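Let me begin by presenting the structure, written as structure tokens, before commenting on it.
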Amino acid sequence: MTDFRFEDLEIWKGANEASDLLFDYADKAEGKKCFKFADQLRAAAMSISNNIAEGSGSFSDKEFANFLNISRRSVFECANIVNIFLRRKLINQEEKKIIFPKLIPLSKKITNFRKKLKQ
């Protein structure tokens, strides 16, 4: 058994796995002196798991669902930033092909989890 409810959630675990890669991409951007881009990607990546964690502490499923909505939107923000990174040549097409197969199912899992909540 874990200490916090969110630690048992597959969506939280998946968010952290995606964040590890996204942080690597942010590090690459920072290495090319694109500090604001790197900060934005890190913030969006952390928002995914942070909102799952924060929402899991809600007293109602409706409130938790709102946090999951924010988390899902952060997945989309990360996808957009990855596309910008690709256009700016901060990452390559292969790196995009590594992260998108993690972001797409994560978005779907968050959506499906949200639908299962009693609202």
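Readers should treat all values here as calculations from the given coordinates under stated rules, not as data from a laboratory. Keep in mind it's a predicted model, so treat the numbers as computed, not measured. As a convention, Cβ positions derive from the backbone with ideal geometry for all residues, glycine included, and neighbour counts pool all protein chains shown.
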_Computed FRET value (nearest 0.05) for Lys36 with Lys108, which takes r as the C-beta separation and R₀ as 25 Å_ = 0.25
*Roughly what would the spin-label model give for Arg87 and Leu117, points 7 Å off Cα along C-beta, in nm?*
3.2
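Add -39500 (n - 2.57) for each DSSP H run of 4 or more in the chain, then divide by its residues: what number comes out at 222 nm, to the nearest 500 deg cm²/dmol?
Details: 4 runs with 95 residues, N = 119.
Per the formula, -28000 deg cm²/dmol.
Using the structure shown, select from Lys62/Lys108; Lys62/Lys109; Lys13/Lys115; Lys33/Lys108 the pairs with a Cα to Cα distance greater than 25 angstrom. Walk me through the numbers before you get to the answer.
Numbers: Lys62/Lys108 19 Å; Lys62/Lys109 17 Å; Lys13/Lys115 19 Å; Lys33/Lys108 34 Å.
In this structure, Lys33/Lys108 exceed 25 Å between Cα atoms.
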*Only one of the values [x] 1.03; [y] 1.09; [z] 1.39 was calculated from this structure for Cα Rg over 2.2 N^0.38 Å; name its label.*
[y]
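For the stretch 10-119, which trypsin sites (Lys or Arg not before Pro) pass both filters: DSSP loop (anything but H, G, I, E, B) and at most 16 other C-beta atoms within 10 Å?
Qualifying residues, ordered by number: Lys32, Lys33, Arg88, Lys89, Lys118.
Using a Förster radius of 22 Å, what is the FRET efficiency between Arg73 and Asn16 based on their Cβ-Cβ separation? Nearest 0.05, please. Before the final figure, lay out each step's value.
Details: r = 18 Å, r/R0 = 0.81.
Here the calculated transfer efficiency is 0.80.
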_Spin-label model distance (nm) - Arg5 vs Phe23, 7 Å beyond Cα toward Cβ_ = 2.6
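With the Cα gyration tensor of the stretch 79-119 giving a ≥ b ≥ c as the square roots of its eigenvalues, does the rule (a/c under 1.5 for rounded; else a/b larger than b/c for prolate; else oblate) give rounded, prolate or oblate?
Numbers: a/c = 7.30, a/b = 2.97, b/c = 2.46.
In terms of gyration-tensor shape, prolate.
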